[in-house]
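For reference, the structure discussed in these notes is given below.
The values are calculated or read from the model by the stated rules, or taken from the named source; none is laboratory data. Predicted model, so just to flag it, every value in this text is computed and none were measured. Positions of Cβ are generated from backbone atoms using ideal geometry, with glycine treated the same way; all protein chains shown enter the neighbour counts. Note: areas computed on protein heavy atoms with side chains; ligands, DNA, RNA excluded. Shrake-Rupley method; radii C 1.70, N 1.55, O 1.52, S 1.80 Å.
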Amino acid sequence: MKINAKRIAKTPQRLLVIRTSALGDIAMVYPVLKALTSRYPNLELHFLCPQRWQPIFSDIEQLYFIDFNKKKHGDWKGLLLLTFRLRWKGFQGVIDLHHVLRSDYINRGLQLMGLKGYTLDKGRKEKAALTRAENKIMEPLKTMHQRYADVFVRAGFDFELNGRARAPKREVTETIQEQIGQDDLPWVGFAPFAAHDGKRYPIEMSRQLVERLDKNGKCKVLLFGGGVEEAEILKEWEGVSQGRVINLAECLSFADELTVISQLKLMISMDSGNGHLAANFGVPVLTLWGVTHPFLGYAPFGQTEDYQLLVDRKEYPLIPTSVYGKKVPEGYEEAMSTITVEKAFRKVLKLLRDQGDLQD
């Protein structure tokens, strides 16, 4: 039995939406919720998600956050207490966009208490066929954005995921402008880190790419990263630059980082969260792929094939070797080196030039 989506036009309904971790995946949910709430303005969504990611969704007025805290809700007792607390909030249904043990626990618990529940189909079998070493089926899978949307469609919501599901650009504050400086150069973001080594561009090659862009003088490079160690590396790159490289790691609030990202002309990213954040604002994203691959469905929203730089599969035919970059076969440690600095550099300039953001 489906949620009565037709009633929403007359009577507001409340849904619980679950996605409890991983910045990249949470960012990928944004265009889905944006399109859904645009189609159903009376629908009220309550998003069970770490509160720190709330700024991603700040423009969606029908969205309310329920903080998921692993310290409080990580074990079965915490999940049980959370499930009982959620039951009394008047939800008409549950949409599980995570499909892991903890989200399944909450979803099934609420279903036992009488709520209708729907769960993400991750396409595990298709992804296994694409990442296995032998008899690999090298075909593009459904995007994760569409998989998220499909859960709502199965629940009875009739809407389409399209390119209009974008976040509005955010106004740059004086604090941000002081951090970056005043000039007319286009802003190019660069997020050189990723959660797993298998999808991280070699750090020395990243440094060389930043150096090439700095010396070229046609753009300002804004560096993004998280954590003390990453911030120190990026600070060093800024320190030896010619003034056109700015380290933003550990310098701005998350909300201010999103504001900067919204104003970029291009984001250079690994297969990681910053690329998805930029794509949500309609910013072109040049993604450097390692042992993962866009065929798995994790390419940033609305980005064409021209914005993907891939490892040479003639030299490394087992790619993709894993969904998240955790599995790196022996001999594949340097696979990303086939995306040369020169190739990445020329691609950045071409994309900026094609968009009209680069003056010759």
* **Within region 164-178, considering residues that are open to solvent by less than 50 Å² (accessible area, probe 1.4 Å) and of a type outside the set (Val, Ile, Thr), the one farthest from the chain's Cα centre (by Cα)** => Gln177
* Which of (1) among the polar types (S, T, N, Q); (2) surrounded by 21 or more Cβ atoms within 10 Å (Cβ to Cβ); (3) free of Cβ contacts under 8 Å to residues at least 12 places away in the same chain is the odd one out, the single condition Thr304 does not satisfy? -> (2)
* Could you please tell me which pairs satisfy a Cβ distance under 9 Å, a separation of 6+ or placement on different chains, a first residue in region 200-211 that is over 14 Å from Leu309 (Cα atoms) and part of a loop (DSSP other than H, G, I, E, B), and a second residue that is of a type in the set (D, E, K, R) and open to solvent by 30 Å² or more (accessible area, probe 1.4 Å)? => Pro202/Glu334
* To do: Residue by residue through region 88-129, note down the ones that are over 14 Å from Phe152 (Cβ atoms), open to solvent by less than 60 Å² (accessible area, probe 1.4 Å), outside any loop (DSSP other than H, G, I, E, B) and without any contact (Cβ under 8 Å) to a residue 40 or more places away in the chain.
  => Asp104, Gly109, Ala128, Ala129
* closer than 30 Å to Gln51 by Cα and open to solvent by 10 Å² or more (accessible area, probe 1.4 Å) - does that describe any residue in region 200-218? -> yes
* To do: For region 207-257, enumerate the residues that are of a type in the set (Phe, Trp, Tyr) and farther than 19 Å from Leu23 by Cα.
  => Trp237
* Structure fact -> Going through region 71-87 in order, the residues found to be out of contact with any helix residue (DSSP H, G or I) (no Cβ under 7 Å at 6 or more places or on another chain), touching a residue at least 24 places away in the same chain (Cβ under 8 Å) and either β-branched (Val, Ile, Thr) or over 20 Å from Gly117 (Cβ atoms) (or both) are Gly74
* Among the residues of region 228-240, is there at least one that is within 18 Å of Leu358 (Cα to Cα), assigned to a helix (DSSP H, G or I) and either hydrophobic (A, V, I, L, M, F, W, C) or open to solvent by less than 70 Å² (accessible area, probe 1.4 Å) (or both)? -> no
* **Residues within region 73-83 that are over 29 Å from the mean Cα position of the chain (by Cα) and surrounded by 12 or more Cβ atoms within 10 Å (Cβ to Cβ), tallied** => 2
* Subset of region 324-360 (residues that are in contact with a helix residue (DSSP H, G or I) (Cβ under 6 Å, 6 or more places away or on another chain) and either open to solvent by 30 Å² or more (accessible area, probe 1.4 Å) or at positive phi (or both)) -> Gly325, Val328
